[in-house]
Amino acid sequence: METSSKLPNIGTNIFTYIGKLANEYKAVNLSQGFPDFSPDPKLLQLAEDALKNGHNQYAPMQGTFTLRKTISEKIEELHGKSYHPEYEITITAGATQAIFTSISTFVQQDDEVIVLKPAYDCYEPVIELFGGKIVPIQLEGPDFKMNWDTFKSVIGPKTKMVVINTPHNPTGTIWSKSDMLQLQEILKSTNIILLSDEVYEHIVFDGEEHQSAARFPDLASRSIICSSFGKTFHVTGWKVGYCVAPKALMQEFQKVHQFNVFCINHPMQKALTEYLKTPKHYLGLNSFYQTKRDYFLKAIKDSKFKVIPSSGTYFQLLDYSEITDEKDIIFAEKLIRDHKLASIPVSVFNLDARDDRQLRFCFAKTEIVLDQAAQILNTIR
Ligand SMILES: Cc1ncc(COP(=O)(O)O)c(C=O)c1O
């Protein structure tokens, strides 16, 4: 049968391609953005208890009330902003669904959506699918700072939404309080919705604080903030996340959500509710991953790769420009084929495949795997 594609330019994504190649060559795999270690046995026990205790039928459409209430209390404690558990929080199938549903709810034909590049890959196809126009702004390394004059210059009457992501995949940068204040000031007199992807909210290093959009009253009044239990509790395969937004936005979001998935895995919501009641389960994540980042960076300190330590997320960019000027995709393939180490070339996240000779490595791995990767990186001269 012949049919036309709504996404004619989307092919196999880079993660699938690199993953396949890594398997073929039995490469040490730092390309995959998820942990290779087990979650806390306590969380697994809670999941088992929830399954055995009969929570195996549909959950409420918005998510269980107790989970929403626990999330509301957590956000109030961390960011001083109160979200009403009844109207302003929805449990989603990972942040991916929260993002998909947010864009599909609000973006209409010819609406413009500002996306900052490099960008995680799940925003743009959805904008396109719903007839929106992507307005990209390419940020430049090594610090990937926003030029606010450029930002102002792309805002116009058709701008419907801005997508931000802090801590940021793939660069490992975070937005400061002053970045968020600048954004707040510029959006103040507009009707623009902010889609704030904060899935790495609990992975911030060197004593810095995560600057959630929830902390800034005018930003919060226009924001849908997306989070992921997968990232925070090492359970990416559970695909449970949530989003929070003011009532008027959340009401529209839920109209779509109820026909999109209706509701999310019930026993896992029960388990997560209990587990969330102990703040150290998420507050300890910063130092857990900082230890991994430091371990990895120490192990490669004598390599020829140039490093700016990641400030957040579990990703580290490595600049290989002193080794070769080959394109990053070619170099990434070579690393797999010739050295048995897999990473992600950063150009795939950039505008027009801009290539700064950088690869993304995920350090959410055991020390054994990080050692294996470091040994390989140290031999490449
Ligand atoms: C920046 C970013 N946003 C969203 C997601 C998706 O999160 P989830 O697995 O909860 O759907 C990811 C996962 O890699 C991510 O890196």
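All of the numbers you see were taken from the coordinates with simple rules; none came from a lab. Not measured: the values here are computed from a predicted model. In this analysis, Cβ positions are derived from the backbone assuming ideal geometry, glycine residues included, and neighbour counts consider all displayed protein chains.
List of remarks:
- A straight chain from Ile186 to Ile10 at 0.36 nm per residue would run longer than the Cα-Cα distance by 60.1 nm.
- Size of the chain: Rg and Dmax of its alpha carbons, in Å, are 20.6, 58.
- Label-to-label distance, nm, for residues given as Lys280 and Asp36 (7 Å Cα→Cβ offset): 2.9 nm
- Per the Kirkwood formula applied to alpha carbons, region 226-291 shows a radius of gyration over Rh ratio, Rg over Rh, of 1.04.
- Relative intensity of region 166-214 on a log10 scale, I(q)/I(0) at q = 0.13, 0.29, 0.30 Å⁻¹, equals -0.32, -1.20, -1.24, per a Debye sum over C-alpha point scatterers of equal strength in the absence of solvent.
- Above-threshold pairs, the threshold being 18 Å between Cα atoms, out of Lys74/Lys277; Lys42/Lys69; Lys81/Lys247: Lys42/Lys69
- Region 300-366 shape via C-alpha gyration tensor axes, a/c threshold 1.5: rounded
- Modelled this way, with points 7 Å down the Cα-to-C-beta line, the labels at Phe65 and Glu326 are 6.0 nm from one another.
- Of all DSSP-defined beta bridges confined to the chain, some 50% are antiparallel rather than parallel.
- Multiplying the residue separation of Lys20 and Asn53 by 0.36 nm and subtracting their alpha-carbon distance yields 8.0 nm.
- Links that overshoot a 21 Å alpha carbon limit, given the list Lys117/Lys160; Lys145/Lys304; Lys231/Lys298: Lys145/Lys304; Lys231/Lys298
- Loop chymotrypsin sites (Phe, Trp or Tyr not before Pro), region 39-97, which have at most 11 other Cβ atoms in a 10 Å radius of their Cβ (DSSP): Tyr58
- The stretch between Lys298 and Glu73 holds 77.2 nm of extra length on full extension. This uses 0.36 nm per residue minus the Cα-Cα distance.
- Ordering Gln109, Tyr83, Tyr314 by the projection of their Cα atoms onto the charge dipole of the chain, which places +1 on the Cβ of Lys and Arg and -1 on the Cβ of Asp and Glu, puts Tyr83 at the extreme positive end.
- Farthest toward positive dipole pole in the chain [+1 Lys/Arg, -1 Asp/Glu at C-beta], among Ile134, Thr232, Phe296: Thr232
- Ordering Cys226, Cys263 from the fewest to the most neighbouring beta carbons within 10 Å gives Cys263, Cys226.
- Mean residue ellipticity at 222 nm, helices only, the chain: -12000 deg cm²/dmol; runs of at least 4 DSSP H residues each add -39,500 (n - 2.57), and the sum is divided by the number of residues.
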